[in-house]
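These notes concern the structure reproduced below.
A short reminder: the numbers here are calculations on the coordinates, not readings from a lab. Being a predicted model, the structure only gives us computed values, none of them experimental. Glycine gets a Cβ as well: all are built from the backbone with ideal geometry, and neighbour counts include every protein chain shown.
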Amino acid sequence: MHDLGPNSHRFVSQRLTLNYLDWGNPDAPLLLLVHGGMDHARNWDWVARELRDDWHIICPDLRGHGDSAWSPDGSYSMPYYVADLAQLIQQCTDGPVSIVSHSLGGAISLRYAGTHPERVHRLAVIEGLGPSPLDQTPQIPVTERWRTWIDERRALSGRAPRRYASIEQAYARMQQKNAHLSAEQARHLTVHGTRRNEDGTYSWKFDNYVRLPMPTDITSDELSDVWSAIDCPVWLIHGRDSWARHPGDDGRADNFKQAMVTSYERAGHWVHHDRFESYVADLKRFLSEDEPASLVATAR
């Protein structure tokens, strides 16, 4: 296995300069690893090291995250993210790709796969389906949604990025956020997820505006249509200790033509960290299978 880390590259999408990591092995099949909200591409380092000998791995920093540019007008709605992903894939290859994604990255990847089904070979999604239909609240009138969004955007404009006096303080916050992380994992994610300010303090790299998406998105019925348009096998991953519901229990997995669901015990929202060894072993099998996945519910 290679010892060297990834190389950082830039590409332009919708006038923003965005960053991605390339783990080498360009003659191998292309595999994209797409991180979640308020996260960064180095989130995938452990997974990338395990897969890099068999795959050409690309890990983008989403707009407003990691080492990618922040949108000047705080444009972090879903169509912008999907267009960025489409631009990166178009730039990297003419053929279909496999995608592994987490949370917000999963939502982006699912929408890309539904609108470009011919471009995706396999798709693994860790808790990226969004709210369960069992948890959805009654529809708020559009005037109220827009008014609330405008007020919250105004409030965000006065919110400066939080500053930590030391990297140790940021590290402690990372551990508090996910108690499943090992000390080594938490420190790695903190080191790569913060930048040092001119006054010597540390702040997270993500733009605060990513906290507040646009008040409009596609409807639940339209989202089901997008999922049903995906032609490739889809693996839906769930953490039993997460806030998210099991997608096989609430019917969301039924929207896909070919879906496999796995729920991991002793794992929260970040399954790829919390149950790393089991997850990577299962991921390798999923990516290497020649036959389409069937809908099965498993527990790990």
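Structure values in brief
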item: Cα gyration tensor, region 186-280 - rounded (a/c under 1.5), prolate or oblate; result: oblate
item: Normalised contact order of the chain, rounded percent, pairs of Cα under 8 Å and 6 or more residues apart; result: 17 percent
item: Tensor-based shape of region 1-115 (alpha-carbon gyration tensor, a/c under 1.5 rounded, otherwise prolate or oblate); result: prolate
item: Sequence ranges 157-163, 179-185, ranked by mean other-Cβ count within 10 angstrom, highest first; result: 179-185, 157-163
item: Span from the region 147-176 Cα centroid across to the region 205-270 one, whole angstrom; result: 26 Å
item: Cα-centred dipole magnitude for the chain, charges only on beta-carbon of K, R (+1) and D, E (-1), debye, nearest 20; result: 1020 debye
item: Anisotropy class of region 109-203 from Cα gyration tensor, a/c 1.5 cut; result: oblate
item: Cut-off under 5 Å, modelled amide H: who pairs with Ala259 long-range; result: Val234, Leu295
item: Quotient of Cα Rg and 2.2 N^0.38 Å for the chain, N being how many residues it contains; result: 0.98
item: Gain upon complete extension [Asp217, Ser132; 0.36 nm per residue less C-alpha separation]; result: 29.0 nm
item: Chymotrypsin sites (Phe, Trp or Tyr not before Pro) restricted to region 232-286 and DSSP loop, no more than 16 other C-beta within 10 Å; result: Trp243
item: Mean separation of Cα contacts under 8 Å (6+ apart) over length of region 158-297, as relative contact order %; result: 20 percent
item: Isotropic mean projected area of the C-alpha convex hull, region 60-126 (nm²); result: 4.4 nm²
item: Calculated FRET efficiency for the pair Asp54/Val142, C-beta based, R₀ 45 Å, to 0.05; result: 0.40
item: Trypsin sites (Lys or Arg not before Pro) within region 1-60, DSSP loop, no more than 10 other Cβ atoms inside 10 Å; result: Arg15
item: Length gained when the stretch Asp254-Glu118 is fully extended (0.36 nm per residue, less Cα-Cα span); result: 46.9 nm
item: Calculated FRET efficiency for the pair Glu152/Asp241, C-beta based, R₀ 41 Å, to 0.05; result: 0.90
item: Relative contact order computed over region 35-134 (Cα-Cα under 8 Å; 6+ residues apart), in percent; result: 26 percent
item: In nm, spacing of pseudo-spin labels at Glu265 and Glu168 (7 Å Cα→C-beta vector); result: 3.8 nm
item: Spin-label model distance (nm) - His192 vs Lys284, 7 Å beyond Cα toward Cβ; result: 2.0 nm
item: Choice from Val82, Val191, Val125 showing the highest fluctuation, given a GNM over the chain with Cα pairs closer than 10 Å; result: Val191
item: Per-residue [θ]222 nm for the chain (sum of -39500 (n - 2.57) over DSSP H runs n ≥ 4, rounded to 500); result: -10000 deg cm²/dmol
